[in-house]
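Colleague: Before we start, here is the structure in question, set down as structure tokens.
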Amino acid sequence: MTLTELRYIVALHQSGHFRKAAEHCNVSQPTLSIAVKKLEEELGITLFERSRQKVSATAIGERIVEQARIILQETNNLLGLAELGKDPLGSVLSVGAIYTVGPYLFPRLVTRLQELAPGMPLFIEESYTASLRGKLSGGKLDAIFVALPFTETDVLTRPVYEEPFVVMMPPEHPLAAARQIDPHEVALHRVLLMGEGHCFRDQVLEACPGLREAISATHARGSSVLEGSSLETLKHMVASGLGITVLPKSAADVAQYGNQRLIVRPFKDPAPTRTVALAWRASYPRHQAIDILTDALRQ
């Protein structure tokens, strides 16, 4: 049994197809097929059921593949420990962030990190919380920025900043006359939201009493609810006069629009907020990299 064979069965389980698994592992299909068959013969069990349409793991195969993932992850940790002995800030740090954090955090963070650790290459990615969670647990990302609450087995979190929500609207909107917005008033107007799957959408629905019910009533009437794929899209929609929106303060810059097209109002105290945290695997060996990432953000 070899680590290569374990990588092959994990890839085959993920793809469900010998050709795709071989492409993922950068080997020929016969090479991968022979290696999987050899492992099955060595273990004395059938790991996969084969058909022309797909390849699926047997019951015992599922358990073997899961154990293979653990072994491969621990192997990566072992390699990471070896790198730590050389230079904990000398190898690539892979960092993810949710869509509503990344565009407003990474530009400043990357610049500061380059100053603090010029020899540490950085890979960054933006995605949904669920996707980042899986990539963190699977070892594809070293650390992720997410909004709390966030819980995951064997993952540590460190709150790094808290920011209030604000309301963005055209200057002619009725709410523009107020210096501060009551969260209860938001549901009385047409609110533009992020699409399903974005955690910030759920946070806005929780922050504004009655908004969830108002959205449901709109759906029940057969009317459309305008949604955006990003916070920047929502800002463009507000600038077009399609409604108002709620944003984290870091995303509320209106310089590109000018004060004549968009204005921002804070909520009344206690204003709704979100806490952004850094999360990483408890077994991750490069603690200095996590510390310098936090320091760069706070500075």
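Colleague: In the range 139-165, what count of residues is obtained for those that are surrounded by fewer than 17 Cβ atoms within 10 Å (Cβ to Cβ), in contact with a strand residue (DSSP E or B) (Cβ under 9 Å, 6 or more places away or on another chain) and of a type in the set (S, T, N, Q)?
Modeller: Residues that pass the stated criteria total 1.
Colleague: Between a residue in the range 48-74 that is of a type in the set (D, E, K, R) and any residue that is in a helix (DSSP H, G or I), which pairs come within a Cβ distance under 6 Å, given they are 6 or more apart or on different chains?
Modeller: Arg69/Val10
Colleague: State whether one or more residues within the range 214-230 are without any contact (Cβ under 8 Å) to a residue 24 or more places away in the chain and under 30 Å from Leu297 (Cβ atoms).
Modeller: Within the range 214-230, not a single residue is without any contact (Cβ under 8 Å) to a residue 24 or more places away in the chain and under 30 Å from Leu297 (Cβ atoms).
Residue by residue, here is whether (1) closer than 30 Å to Leu234 by Cα; (2) modelled with pLDDT of 90 or more holds:
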{"site": "Val36", "(1), (2)": "no, yes"}
{"site": "Gln53", "(1), (2)": "no, no"}
{"site": "Ala57", "(1), (2)": "no, yes"}
{"site": "Gly61", "(1), (2)": "no, yes"}
{"site": "Ala82", "(1), (2)": "no, no"}
{"site": "Thr100", "(1), (2)": "yes, yes"}
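Colleague: Answer yes if at least one residue in the range 113-127 is among the small types (Gly, Ala, Ser) and within 30 Å of Glu163 (Cα to Cα), and no otherwise. Before the answer, list the steps.
Modeller: Kept after step one, since they are among the small types (Gly, Ala, Ser), are these residues of the range 113-127: 117, 119, 127.
Subsequent filtering for residues that are within 30 Å of Glu163 (Cα to Cα) retains 117, 127.
The answer is yes; a qualifying residue exists.
Colleague: Pick from Leu72, Leu32, Leu47, Leu79: which is in contact with a Cys (Cβ under 7 Å, 6 or more places away or on another chain) and not basic (Lys, Arg)?
Modeller: Every option except Leu32 fails the conditions.
Colleague: Looking only at the range 69-78, decide whether some residue is touching an Asp or Glu at 6+ places or on another chain (Cβ under 7 Å) and of a type outside the set (Gly, Ala, Ser). Explain how you work it out, then say what you get.
Modeller: Residues of the range 69-78 touching an Asp or Glu at 6+ places or on another chain (Cβ under 7 Å): none.
No: zero hits.
Colleague: For Gln29, work out the one condition from (1) out of contact with any Lys or Arg (no Cβ under 8 Å at 6 or more places or on another chain); (2) without any contact (Cβ under 8 Å) to a residue 12 or more places away in the chain; (3) closer than 22 Å to Thr2 by Cα it doesn't fulfil.
Modeller: (1)
Colleague: When you scan the range 19-138 for helices (runs of 4 or more DSSP H) that lie fully inside it, which ones turn up with 3 or more residues that are exposed (fewer than 13 other Cβ atoms within 10 Å of the Cβ)?
Modeller: The helices (runs of 4 or more DSSP H) meeting that bar are 29-43, 59-86, 102-116.
Colleague: Looking at the range 142-190 only, could you name the residues that are in the same structural domain as Gly241 (by TED's automatic domain parsing), in contact with a Phe, Trp or Tyr (Cβ under 8 Å, 6 or more places away or on another chain), assigned to a loop (DSSP other than H, G, I, E, B) and over 21 Å from Val254 (Cα atoms)?
Modeller: Listed by number, the list holds a single entry, Asp182.
Colleague: Shifting gears a bit: Given the residues Tyr99, Tyr104, which is the only one that is in contact with a Pro (Cβ under 9 Å, 6 or more places away or on another chain), in the same structural domain as Pro285 (by TED's automatic domain parsing) and either closer than 30 Å to Ile215 by Cα or of a type in the set (Val, Ile, Thr) (or both)?
Modeller: Details: Tyr99 fails: in contact with a Pro (Cβ under 9 Å, 6 or more places away or on another chain).
From the options Tyr99, Tyr104, the qualifying one is Tyr104.
Colleague: Continuing with this model, one more query. For the range 244-255, state whether one or more residues are modelled with pLDDT of 90 or more and either touching a His at 6+ places or on another chain (Cβ under 9 Å) or closer than 30 Å to Leu79 by Cα (or both).
Modeller: yes
Colleague: If a residue has to be closer than 26 Å to Ile9 by Cβ and of a type in the set (Ser, Thr, Tyr) to count, how many in the range 58-102 make the cut?
Modeller: Number satisfying all stated conditions: 3.
Colleague: Can you find a residue that is modelled with pLDDT under 90, assigned to a loop (DSSP other than H, G, I, E, B) and farther than 26 Å from Thr129 by Cα anywhere in the range 225-239?
Modeller: no
The values are calculated or read from the model by the stated rules, or taken from the named source; none is laboratory data. Just so it is clear, the structure is predicted and the values come from calculations on it, not from any experiment. Here the Cβ is made from the backbone with ideal geometry for all residues, glycine too, and neighbour counts use every protein chain on show.
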